[in-house]
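Asker: There's a structure below that I have some questions on.
Just so you know, all these numbers are worked out from the coordinates, no wet-lab data involved. All figures in this text were calculated on a predicted structure; none of them were measured in a lab. A quick note on method: Cβ atoms are made from the backbone with ideal geometry, for glycine too, and the neighbour counts reach across all protein chains shown.
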Amino acid sequence: AAEKVHTGTGTGQFVGEVPLGTTPSGSGYQLTDPDRAGHKTYDLNQRTSGTGTLFTDDNDVWGDGTPSDRQTAGVDVAYGAAATWDFYKEVFDRNGIRNDGVAAYSRAHYGNNYVNAFWQDSCFCMTYGDGEGDNHPLTALDVAAHEMSHGVTASTAGLIYSGESGGLNEATSDIFAAAVEFHENLPADPGDYFVGEKIDINGDGTPLRYMDKPSRDGASRDYWSSTLGNVDVHYSSGPANHFFYLLSEGSGARTVNGVDYDSPTSDGLPVTGVGIENAQAIWYRALTTYMTSTTDYAGARTATLSAAADLFGAYSPTYLAVTDAWAGINVGD
Ligand code: ASN
Ligand code: ZN
């Protein structure tokens, strides 16, 4: 990632010690990021509406890495928003969620024991709960990137949040969550093909979702089938997440960034990976140029093939890898 202009330093629960964009205010500072269109981070103070209060600090040293310090969650989510902003800007020259240069805003400490995080187009904002026991907050980097990417999908393809298009909508958020994490590659949270591995939502150290073999979570589908559209969108995302993993890294056993994966294919045929940077470029172009609100898995295949043809040439090795990765999840041949 490019060097970030900043004035503050924070310690999050998940990001570790990081620079933060802050703004002098009175005798102190506020958590308003001058380098990302003034993105603001608020403390909802356990409320469930409004914006609560903007995080402020007197010496520009934020959080202590524990959930008992209210600023800690602010550090994690402010950094997550900044990393996501930087990813879209640096990698795709996208200027904010809607590509209009306008910052969203973030709200931490929503409700009591609230075990979720969510994006809303209506406020152009994202919101984070403190999790079970108010100390497993939903504030990790991949969660932030997942939520903000719902805003990108809403302002581009507009994939309807049910049926196969809903699974593709969810997968798009998981795909860019992984991509942001790899792009940032923080020592405290290196890139991986898991979603939510830091927040320990299951209480046993397992991630929320696995992209190499989505059924590892006990509910997600690995492969497309004609009943996929009847499945919850967080599980019908599985085959598209699996497609993205296969296209990035290829099938079979592999260690990436220190993590072991073993990715099967529905047809038993091998897939050769093209790297996450090429795979994310294909998915982004497909999302922003070819997919529509009703795109299904078959449509996503043709959208990514059109994108791969634009970026790498029709019938190029990368284009053919896209074909193989879809075949690997039982879409096309
Ligand atoms: N955190 C969830 C998600 O982004 C919220 C939801 O169900 N939409 O998928
Ligand atoms: Zn989602």
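Asker: Packing-wise, with mean Cβ within 10 Å as the measure, how do 39-47, 274-282, 165-173, 90-98 rank, highest first?
Answerer: Values: 39-47: 19.7, 274-282: 21.2, 165-173: 27.0, 90-98: 16.6.
Ranked by mean Cβ neighbours within 10 Å, highest first: 165-173, 274-282, 39-47, 90-98.
Asker: With both bridge residues required to lie in the chain, what share of the DSSP beta bridges run antiparallel, to the nearest 5%?
Answerer: Of all bridge pairs located within the chain, approximately 70 percent are antiparallel.
Asker: Eigenvalues of the Cα gyration tensor times 5, then square-rooted: what semi-axes does that give for the stretch 163-328, in whole angstrom, largest first? Walk me through the numbers before you get to the answer.
Answerer: On the way: eigenvalues 103, 68, 46 Å².
Three semi-axes, in Å: 23, 18, 15.
Asker: If r is the Cβ-Cβ distance from S226 to S27 and R0 is 41 Å, what FRET efficiency results, to the nearest 0.05? It would help to have the intermediate numbers written out before the result.
Answerer: Numbers: r = 64 Å, r/R0 = 1.56.
Working from the Cβ atoms, E equals 0.05.
Asker: Hey, could you pull the Cα Rg and Dmax for the stretch 281-333, both in Å?
Answerer: Reported Rg and Dmax, both Å: 10.2, 29.
Asker: In debye, nearest 20: dipole of the stretch 163-328 around its Cα centre with unit charges on the Cβ of K, R (+) and D, E (-)?
Answerer: Values: 8 positive and 22 negative charges, 85 e Å.
Using only the charged Cβ atoms, the result is roughly 400 debye.
Asker: Kindly provide log₁₀ I(q)/I(0) values, in the same order as q = 0.10 Å⁻¹, from the Debye equation applied to equal alpha-carbon scatterers of the stretch 63-194.
Answerer: Here log10 of I(q) over I(0) equals -0.30.
Asker: To the nearest 0.05, what FRET efficiency results for T48 and A309 with a Förster distance of 41 Å applied to their C-beta separation?
Answerer: Details: r = 47 Å, r/R0 = 1.14.
Approximately 0.30, to the nearest 0.05.
Asker: Apply the Kirkwood formula to the chain: the hydrodynamic radius equals the inverse of the mean of 1/r over all pairs of different alpha-carbon atoms; give it in Å with one decimal.
Answerer: Numbers: mean 1/r = 0.0503 Å⁻¹.
Its Kirkwood hydrodynamic radius stands at 19.9 Å.
Asker: At what distance in angstrom do the alpha carbon centres of the stretch 88-160 and the stretch 233-249 lie from each other?
Answerer: Cα centroid to Cα centroid, the span is 20 Å.
Asker: What is the Cα centroid distance between the stretch 23-38 and the stretch 67-86, reported in whole angstrom?
Answerer: 14 Å
Asker: Mind checking the angle between helix 141-154 and the chain's longest principal axis? C-alpha axes, 0 to 90 degrees, to the nearest 10.
Answerer: Computed tilt is about 70 degrees.
Asker: In a shell of Cβ-Cβ distance under 11 Å around S248, excluding S248 itself, what net charge do Lys and Arg (+1) and Asp and Glu (-1) give?
Answerer: Details: positive: R254; negative: D212, E249, E277.
So the surrounding residues net to -2.
Asker: So, in Å, what gap is there between the alpha-carbon centers of the stretch 259-283 and the stretch 204-224?
Answerer: Value for the Cα centre distance between the two parts: 15 Å.
Asker: At 7 Å along Cα-to-Cβ for each site, give me the label-to-label distance between T7 and V115 in nm.
Answerer: Distance between the two pseudo-spin positions: 4.1 nm.
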